[in-house]
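Here, each number is a calculation from the coordinates, and none is a lab measurement. Predicted model, so just to flag it, every value in this text is computed and none were measured. Note: ideal-geometry Cβ built from the backbone for every residue, glycine included; neighbour counts use all protein chains shown.
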Amino acid sequence: MTTAFIGFLEIVKPESRKFTPPGPDIRPSDLFALRTLQDGLAFWTRFVRISNSREMLIFTDGACRNNGRENARGGWAAVFNDTSPSPISGRLEGRAARRDRRAHVPLVASEGFSRIVIATDSQYTVLGITEWVQRWERNGWRQAEGRPVENQDLWRELQEKVCELEAAGAVVQFWDIPREWNTMADRQAAAAADVVQDVQEYAVALVDAP
């Protein structure tokens, strides 16, 4: 991570990255709806905030087949509309396939949105990027008891990507939602885990949408 990113983190507090809905029973569909966007002759759809057209929502999830075994297969997905081929998804291989929570928060380019809300049913991910990450950095990526932070390469990658978007002027927030509200991303991540590929190495699942 560059010095510029580290300096920026001192301004953007991790807790400000946690999305808090107006009420405990508010679902994503209550706040965001599909909207068709246009750039010249190109059209695409996104989940856009009903009350603010400059805010978008992305559902994310991870899945793991044969969890904890040598032949474990992981998959991830990011869903930003319900129109095929909307999802960005892929296989996770090697060590990262052991647990679906290791790296299932893909991010897309901001597309000019001022706020990007990442909805996930992984509380581990939300707490990590909104509460724990700054303390880990101060402690040299070690936990309070001195043990190295698990998956720190993935946390560093996620932190850097979020900082890039923040430095470009976008607010990035993470919304911890129940699993039953995340079915689209769950299905796509499971399908990605089932894809048969000849892959030897894991590629970090932080990508930009075309």
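Potential lengthening of the chain between Trp44 and Ala167 amounts to 41.8 nm, from the contour at 0.36 nm per residue minus the alpha-carbon distance. What is the sum of charges, Lys and Arg at +1 and Asp and Glu at -1, for the other residues whose Cβ falls under 11 Å from the Cβ of Leu34? Combined, the nearby Lys, Arg, Asp and Glu give +1. Remark on Leu37: its backbone amide H falls under 5 Å from those of Trp44, Thr45, Arg46, a criterion applied only to residues 5 or more positions apart or on other chains, H modelled at 1.01 Å from N.
Among residues other than Ala185 whose Cβ falls under 9 Å from its Cβ, what is the net charge (Lys/Arg +1, Asp/Glu -1)? Show your work: numbers first, answer last.
Details: positive: Arg187; negative: Asp61, Asp121, Asp186.
Here the charged neighbours net out to -2.
Derived scalar couplings between HN and Hα for the stretch 134-143 equal 5, 5, 4, 5, 4, 8, x, 6, 10, 7 Hz in order, rounded to whole Hz, by the Karplus curve 6.51 cos²θ - 1.76 cosθ + 1.60 (θ = phi - 60°), x for Gly and Pro.
Ordering of 28-39, 149-160 by packing is 149-160, 28-39, highest average first (other Cβ atoms within 10 Å, averaged per residue).
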